[in-house]
Amino acid sequence: MPEEKLSARYPTDLPAWKALKAHYRDDMKATSLADLFKRDKKRFTGYSVEAAELTLDYSKNFLDSKTRKLLVKLAEETGVRDAVEAMFAGEAINTTENRAVLHVALRSKLSDQVALEVPGVAEIWQILEQMTQFVSAVQKGEIRGRNGRQLTEIVNIGIGGSDLGAVMASRALRHYWQPGMTFHSVSNVDGTQLVDLTEKLDPDETLFVICSKTFTTQETMTNANAAASWITDTLGAEAIGDHFAAASTNHDAMDVFGINPKYRFGFWDWVGGRYSLWSAVGLSLALVIGMDRFWALLAGARRMDQHLRNAPLEENMPVMLGLISVWYNNFFGAESQAVLPYDNRLDRFPAFLQQMQMESSGKGVRKDGKPVKVGSGSVIWGESGSNAQHSFYQLLHQGKRFIPVDFILPAKTSNATQEQQDLAIANCIAQSEALMDGYSEEQAIADLINAGATSPEAKKLAPHKKHPGNRPSNTILLERLTPSSLGQLIALYEHKVFVEGIIWGINSFDQYGVELGKRLASDVSEVVAGDSDYEGRNDSSRGLLATINRLKS
Ligand code: F6P
């Protein structure tokens, strides 16, 4: 069935949805994870899946073979397969912007027969080649700064999808940074990041990479102009051409800024901001890790793309993750999801996923313009492993909210000692056990008495020590954090988000929800600058602006 026809159907009207509702009510609502493990001694084998180098254990979830069958049926009835093929074929599945969605083409091989007829697709490899030459020339010192010094301090200037991917991946792959090369980033509009950087960087060694699909974003252009002033103040007006590179779809604007034509890297409207790391937006990352590693990142993502296209739905890792997410959102009423990586190198992965998932799935209107009738778009949050344990795990273990968790766990250390990574592994597994098994009041009483408490003392304290358990989690295992496994991990979540969106019938690829605030900000800017009057605004804003004026003066 054509994609638009499939997405016009409410998932709640489908037989699989109705069957899942009954299954939840009759079989799952009162079932505990412990029961599921008692009933099936081989849950790991039955409820884990491998894709490329990743293993997903989803056995610690509220599902059995009937649930999986029904969820897969839901994927079939909502046309997940056709939608995936429509994406790869270059159909304009971003319907509100009438655009194809082809981040998958950015990491494909020509032999994959990607949608070459879509304008720009045939240029992908040309730009990658241009990046390869540039990265190599900068790293070898063939391209140098205005005064002949080697460019080793790479500063990405961008925001949202033009920042988060490069920042996250550069931290994740810190152990692959080429000797002497350093990654920095500037995104926020208030300017402090740039000030902090310029205090310690030498302009002679600094290369700014302006990343902006539009090259008009207020935050990015403000920071880019401030960076340009710093360069021209210290190295002279001519230095812009030597100390700035750019990735954008807006060639005229790069021209006006004074970007050297050889340092400009184009991409295309079918690359969404939050899906753009694979394009020239990855340039700052590539400059630091080297182009071979960047190619490996792309190749890793491609392996996940192939898995998405070819694996049966019930053995399809992103499909299963998307289905579990829908299961918890819409049948268990989950409102948020925690993502907890047990490798500090992934400390910005939750932030990266926040944009990817919340900008993609945070929609209240379906593709056909009708309201989404079910909860869509979880709040994504998280932090790296043990740091999170010593912060918000209290709420995960004993709070009243239902929060499914994704643990991400490398078996081998990135580049610390394996002994330390073994501690991280032990903590991660222990946490998933504690969430699931909990700690009963009876056990707490027994332990307290054993430790010397009197029976009344033990009974008084035990309710506070009790962990209810029965809290679900996925664990995603990887051998080690490498460019390839990182590529797989990112693509896994990209496709998970896509699958959710197909089921809810939403367009995962627009972001109108960020436009209104941007528009109002430019309006309010005039008031803050004193160029227009705040009297016409609401009482709260008037009060705030008047107080701010007083504080500033
Ligand atoms: O925040 C909204 C957004 O449109 C993101 O989707 C995008 O990644 C970001 O702004 C930056 O936009 P640009 O790359 O055009 O500067």
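Looking across I154, I159, one residue alone is at pLDDT 95 or above, away from the ligand (no atom under 13 Å from the Cβ), buried (at least 16 other Cβ atoms within 10 Å of the Cβ) and under 27 Å from M356 (Cα atoms). It is I154.
Scanning region 186-205 for residues that are assigned to a helix (DSSP H, G or I), over 12 Å from A227 (Cα atoms) and either of a type in the set (A, V, I, L, M, F, W, C) or touching a residue at least 60 places away in the same chain (Cβ under 8 Å) (or both) turns up just one, E205. With the condition kept exactly as written, say whether any residue in region 179-198 is touching a helix residue (DSSP H, G or I) at 6+ places or on another chain (Cβ under 9 Å), under 23 Å from T132 (Cα atoms) and β-branched (V, I, T). Yes, some residue in region 179-198 is touching a helix residue (DSSP H, G or I) at 6+ places or on another chain (Cβ under 9 Å), under 23 Å from T132 (Cα atoms) and β-branched (V, I, T).
Scanning region 162-184 for residues that are surrounded by 22 or more Cβ atoms within 10 Å (Cβ to Cβ), within 16 Å of the ligand (Cβ to nearest atom) and under 27 Å from T413 (Cα atoms) returns D163, L164, G165, A166, M168, A169. Would you call T198 farther than 22 Å from L285 by Cα and either more than 14 Å from the ligand (Cβ to nearest atom) or open to solvent by 20 Å² or more (accessible area, probe 1.4 Å) (or both)? Here the answer is no, as T198 does not meet what is asked.
Here the condition is being crowded, with 19+ Cβ neighbours inside 10 Å and among the acidic types (D, E); of D233, D255, D269, D242, it holds for D242 alone.
Each residue in region 296-325 was checked for being open to solvent by 10 Å² or more (accessible area, probe 1.4 Å), in contact (Cβ under 8 Å) with a residue 40 or more places away in the chain and assigned to a helix (DSSP H, G or I), and 10 pass. Applying a threshold of 9 Å to beta carbon distances and a minimum spacing of six or more residues, or different chains, the list of pairs starting in region 365-389 at a residue that is within 17 Å of F402 (Cα to Cα) and ending at one that is of a type in the set (D, E, K, R) and open to solvent by 30 Å² or more (accessible area, probe 1.4 Å) reads G375/E335; S376/K363; G377/K363; S378/E335; V379/E335. When region 302-354 is filtered for residues that are in contact with a His (Cβ under 9 Å, 6 or more places away or on another chain) and either at pLDDT below 95 or of a type in the set (S, T, N, Q) (or both), only N316 remains.
If the condition is being open to solvent by less than 40 Å² (accessible area, probe 1.4 Å), polar (S, T, N, Q), within 14 Å of the ligand (Cβ to nearest atom) and in contact with a strand residue (DSSP E or B) (Cβ under 8 Å, 6 or more places away or on another chain), then region 206-230 contributes S212, T220, N223. Considering region 385-504, the qualifying helices (runs of 4 or more DSSP H), each wholly inside and each with 1 or more residues that are under 26 Å from L346 (Cβ atoms) and of a type in the set (A, V, I, L, M), run over 385-389, 393-398, 418-437, 483-504. In this structure, does G282 turn out to be closer than 30 Å to H243 by Cα, open to solvent by 10 Å² or more (accessible area, probe 1.4 Å), in contact (Cβ under 8 Å) with a residue 12 or more places away in the chain and within 16 Å of the chain's Cα centre (by Cα)? So G282 fails the test. Can you name the residue in region 506-522 that is in a helix (DSSP H, G or I) and open to solvent by less than 70 Å² (accessible area, probe 1.4 Å) and, of all such residues, is farthest from the ligand (Cβ to nearest atom)? Restricting to residues being in a helix (DSSP H, G or I) and open to solvent by less than 70 Å² (accessible area, probe 1.4 Å), the top hit is S522.
If the condition is being surrounded by fewer than 24 Cβ atoms within 10 Å (Cβ to Cβ) and away from the ligand (no atom under 16 Å from the Cβ), then region 344-366 contributes N344, R345, D347, P350, G364, V365, R366. Among the residues of region 477-496, some residue qualifies, meaning at least one is over 24 Å from I289 (Cβ atoms) and at pLDDT 90 or above.
Condition check: open to solvent by 10 Å² or more (accessible area, probe 1.4 Å), charged (D, E, K, R), at pLDDT below 95 and not in a helix (DSSP H, G or I). Does R537 satisfy that? Spelling it out, R537 is indeed open to solvent by 10 Å² or more (accessible area, probe 1.4 Å), charged (D, E, K, R), at pLDDT below 95 and not in a helix (DSSP H, G or I).
The residue list E91, E97 contains one member that is outside any strand (DSSP E or B), away from the ligand (no atom under 16 Å from the Cβ) and out of contact with any His (no Cβ under 6 Å at 6 or more places or on another chain), which is E91. Given the condition touching a helix residue (DSSP H, G or I) at 6+ places or on another chain (Cβ under 6 Å), open to solvent by less than 40 Å² (accessible area, probe 1.4 Å), modelled with pLDDT of 95 or more and within 16 Å of the ligand (Cβ to nearest atom), answer yes or no: does some residue in region 134-149 qualify? Checked against the condition, which is being touching a helix residue (DSSP H, G or I) at 6+ places or on another chain (Cβ under 6 Å), open to solvent by less than 40 Å² (accessible area, probe 1.4 Å), modelled with pLDDT of 95 or more and within 16 Å of the ligand (Cβ to nearest atom), region 134-149 yields no hits at all. Within region 36-58, the residues that satisfy the criterion of being open to solvent by 60 Å² or more (accessible area, probe 1.4 Å) and over 30 Å from K412 (Cβ atoms) are K38, R39.
When restricted to residues that are open to solvent by 60 Å² or more (accessible area, probe 1.4 Å), more than 24 Å from G333 (Cα to Cα), in contact (Cβ under 8 Å) with a residue 40 or more places away in the chain and out of contact with any His (no Cβ under 6 Å at 6 or more places or on another chain), region 391-422 contains 1. Cβ separations smaller than 9 Å between residues 6+ apart or across chains give the following pairs from region 326-350 residues that are within 24 Å of L486 (Cβ to Cβ) and in a helix (DSSP H, G or I) to residues that are open to solvent by less than 20 Å² (accessible area, probe 1.4 Å) and polar (S, T, N, Q): N344/S384; N344/S414; R345/S384; R345/S414; L346/S384; F349/S384; P350/S384.
The residues in region 207-237 that are touching a residue at least 24 places away in the same chain (Cβ under 8 Å), more than 10 Å from I159 (Cα to Cα), of a type in the set (V, I, T) and not in a strand (DSSP E or B) can be counted, and the count is 5.
Just to be sure, is I380 β-branched (V, I, T), touching a strand residue (DSSP E or B) at 6+ places or on another chain (Cβ under 8 Å) and part of a helix (DSSP H, G or I)?
Against the criterion (β-branched (V, I, T), touching a strand residue (DSSP E or B) at 6+ places or on another chain (Cβ under 8 Å) and part of a helix (DSSP H, G or I)), I380 does not qualify.
The values are calculated or read from the model by the stated rules, or taken from the named source; none is laboratory data. Everything numeric in this text was worked out from a predicted model, so none of it was measured. Here Cβ is always computed from backbone atoms with ideal geometry, including for glycine, and neighbour counts include all displayed protein chains. Keep in mind that these areas ignore ligands, DNA and RNA; they rest on the heavy atoms of the full protein, side chains included. Shrake-Rupley method; radii C 1.70, N 1.55, O 1.52, S 1.80 Å.
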